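Take a look at the structure below.
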Amino acid sequence: MWILSADIGGTKLALAISKQEQPEKLINELEIASPQQSEALFEAMIEGFNELLQGHEGEIVKVAVGLPGILNLQQGMVVYQQNLPWRDFPLVARLQEAYPNALIRMETDMMTAANGEYKIRHFEQETLIYLTVSTGIACCSIHEGKFLRGAGIPGEVGFSLTKKGAFFEDVCAGPGLTKWLQEKTNRTDTLQQFFESYYSQDDKVVPIIKQWQQEIAQKIHSFILLLDPHVVVLGGGVMNHHPQMVSEIAQEVDNCFTLPFFDHKKGRVQASINKGHAGLIGAALL
């Protein structure tokens, strides 16, 4: 009994296979470039799944896909994606044709990642917020095992404002932080190089990284006051590759709770357990 999972991005198509009894344990994985034509992208996914299934006998019980953009979950339709070619693409129906005996699940990539972090912690009644800091910034909230969907498009915190009135994502996502650092230091370093300079206590880089940490910490502080989650998970490429940033932001969040009767809200921020596999594991666990 096998589960096929996919995490589809603008540049890469990540696929995995796992057993029904252990969906969080990825038996095999495959990553390829995402074709930029509609049918080619779908065919690449099916061909990738077939490659992963070679040598594995048994029934496919579930196919689960996480992907960005605007989705119509009721109709199983991929409506629009900025960096992918699908437009009003009936993904669930097409997958059902390919795997007629399988349960087909489709969800946003943010929610699949959050789902994996929730279930890997064996949560059932708890509240969790997952915040990704990568090429962009977004978040997802789960309460008592259910996604908080609001009126339809929740979690777009990247479009909230910083203290200076800029979009949070434009300042604090990976590209935004890189641009900020380059402008302030008059250097052309990559983000990785800037972090290395930070770890070496470069006096030009440290104050900027500290401001960046404080911007993120203040957002999380507001999340905790609003929803009082049991855990706030910091994921995404920037955080997954720099655990020290997670630890220091967590401390900044705790420093925001100056009133003694909020002491119990400290210690809520954690690193992602699933790291770069968050989307695939979360999809398999849908």
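Multiplying each eigenvalue of the alpha-carbon gyration tensor of the chain by 5 and taking the square root yields semi-axes of 34, 22, 17 Å, largest first, rounded to whole angstroms. Of the solvent-accessible surface of segment 134-279, computed with a 1.4 Å probe over protein heavy atoms with every protein chain present, carbon and sulfur atoms account for 54 percent. Computed from the C-beta positions of E183 and T11 and an R0 of 30 Å, the FRET efficiency is 0.70 to the nearest 0.05. Using the Cβ of F42 as centre and a radius below 11 Å, the other residues enclosed give a net charge of -3, where K and R count +1 and D and E count -1. For the chain, excluding the exposed loop sites themselves (GluC sites (Glu not before Pro), DSSP loop, at most 16 other Cβ atoms within 10 Å), the longest remaining stretch covers 157-286.
Each residue of segment 1-52 gets 64 Å³ once the volume of the Cα convex hull is shared out per residue. For a modelled paramagnetic label at Q211, 7 Å from Cα along Cα-to-Cβ, the residues of segment 132-171 in reach, with backbone nitrogen under 19 Å, are 160-171. Straight-distance candidates among the aspartates and glutamates for linking to K163, with alpha-carbon spacing under 15 Å and chain neighbours fewer than 8 residues away dropped: E215. Here the dipole of segment 39-198 is about 660 debye; that uses its Cα centre as origin and unit charges on the Cβ of Lys and Arg (positive) and Asp and Glu (negative). Distance between the modelled labels on A33 and S134, one decimal in nanometres: 1.9 nm (7 Å Cα→Cβ projection). Rounded to the nearest Hz, the phi-derived 3J(HN,Hα) couplings of segment 257-268 under the Karplus curve 6.51 cos²θ - 1.76 cosθ + 1.60 (θ = phi - 60°) are 8, 8, 7, x, 6, 9, 4, 5, 8, 6, x, 8, where x marks glycine and proline. Ranking Y198, Y80 by solvent-accessible area of protein heavy atoms (1.4 Å probe, all protein chains present), from largest to smallest, gives Y80, Y198. Hydrodynamic analysis of segment 194-286 uses the Kirkwood radius over alpha carbon pairs. Inserted into Stokes-Einstein at 20 °C and 1.002 mPa s, it gives a translational diffusion coefficient of 149 µm²/s.
Counting only whole DSSP H helices of the chain, the ones at least 27 Å long by C-alpha along their axis and with mean Kyte-Doolittle hydropathy no lower than 0.0 are 206-227. For segment 1-79, the solvent-accessible area works out to 48 Å² per residue, with a probe of 1.4 Å and every protein chain left in place. GNM on the chain, alpha-carbon springs under 10 angstrom: the most fluctuating residue among K164, K119, K219 is K164. With 22 Å as the limit, the listed pairs K25/K62; K219/K265; K62/K146; K179/K266; K12/K184 have K179/K266; K12/K184 beyond it between alpha carbons. This model, with +1 at the C-beta of Lys and Arg and -1 at the C-beta of Asp and Glu, gives segment 227-286 a dipole about its Cα centre of some 180 debye.
Note on the chain: with charges restricted to the Cβ of Lys and Arg (+1) and Asp and Glu (-1), its dipole about the Cα centre is near 640 debye.
Normalised by the number of residues in segment 1-102, the average gap of Cα pairs under 8 Å and 6 or more apart makes the relative contact order 27 percent.
The values are calculated or read from the model by the stated rules, or taken from the named source; none is laboratory data. If you're wondering where the values come from, they're calculated on a predicted model, not measured in any experiment. Every residue, glycine among them, receives a Cβ derived from its backbone with ideal geometry; neighbour counts consider all protein chains shown. Just so you know, the surface numbers come from the protein's heavy atoms only, side chains and all, with ligands and any DNA or RNA stripped out. Shrake-Rupley method; radii C 1.70, N 1.55, O 1.52, S 1.80 Å.
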